[in-house]
1. Sorted from fewest to most neighbouring beta carbons within 10 Å, what does the list 202, 108 look like?
2. Order by neighbour count: 312, 150, 249, fewest other Cβ atoms within 10 Å first, most last.
3. Give the calculated FRET efficiency between residue 68 and residue 320 to the nearest 0.05, with a Förster radius of 41 Å applied to their Cβ-Cβ distance.
4. Can you sort 34, 116 by how many other beta carbons sit within 10 Å, fewest first?
5. Ignoring solvent entirely, what values of log10 I(q)/I(0) come out of the Debye formula for segment 143-191 at 0.16, 0.17, 0.32 Å⁻¹ when each Cα is a single scatterer?
6. So if each residue of separation counts as 0.36 nm, and I subtract the Cα-Cα distance between residue 206 and residue 156, what length gain in nm does that give?
7. Using the Cα atoms as the points, what is the convex hull volume per residue of segment 51-108 in Å³?
8. Which FRET efficiency, nearest 0.05, do residue 176 and residue 114 yield, Cβ-Cβ r, R0 22 Å?
């Protein structure tokens, strides 16, 4: 059973929430209440046998990557990949390049290189598709986005100064809006112990006019530093990292292990809380372990990810999801 990570959250949200919170024949009708204007959707005790068990088909729809061959088909530590609306696949890896392949896996074009100039990347983290087939690449080092169109033409690049430091894009909220997590580290004292607290500020970044909208500030991690008799520091983390996933005009956050997710938006703040009890089932864990498969994108009918094979060669693999 897969629970942790953004791909699992996507499936949990899709299975338990849907887009309208209508009753599902698999789960029955949730109890929908209201608390100070916040919708509370409680699914109660969830029978794991009633939840869909999704399987990845063994034979990939598309496989990109070679042990030995042209450079454009060799990957080094894949960071992110995205399947576009036209079926082509965009890939970022540690070569600091953006590569695009057609729906059958043939190389189309490569853009970018390591550096700080226009169209170059220092620490690329995410690639996504905006309206009009435009690809946006987020570079977490300088907090900069770059826009590319076929066949690899750079059309715009912009540094977003308020997000400098430690920021990562979670994905698209809706057309031309990125959900960005900006991490803030603070030092202080908690319960007489020196402590490092890590908060995350969530923003919507409108790419067209580079406008930021603050969605909220959430505690991510508290780390205490104990001092033993010899004066040595020993860190201990007492809080688990939060679950963060894009939603329309906002994001979902919470901890799936605590069986609760909350949605917050620019216009309404926290407007919906979803609760359930019991385990969730998403994709059979054996489908990942046996193939050394790391999911990067999950949709209702497919998973795009990285498969590590012989000689640790990485391949971009598109696999169908079935029940």
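Coordinate-derived values only; no laboratory data. Being a predicted model, the structure only gives us computed values, none of them experimental. No Cβ is skipped: glycine too gets one built from the backbone with ideal geometry, and neighbour counts run over all protein chains shown.
1. Lowest to highest Cβ neighbour count: 108, 202.
2. By the 10 Å Cβ count, ascending, the order reads 312, 150, 249.
3. Once the sixth-power term is evaluated, E becomes 0.90.
4. Numbers: 34 8, 116 12.
In increasing order of surrounding Cβ atoms, one gets 34, 116.
5. For segment 143-191 at q = 0.16, 0.17, 0.32 Å⁻¹, log10 I(q)/I(0) is -0.61, -0.66, -1.19.
6. The span from residue 206 to residue 156 would gain 16.6 nm if fully extended.
7. Value for segment 51-108: 122 Å³ per residue.
8. For residue 176 and residue 114, the calculated efficiency is 0.20.
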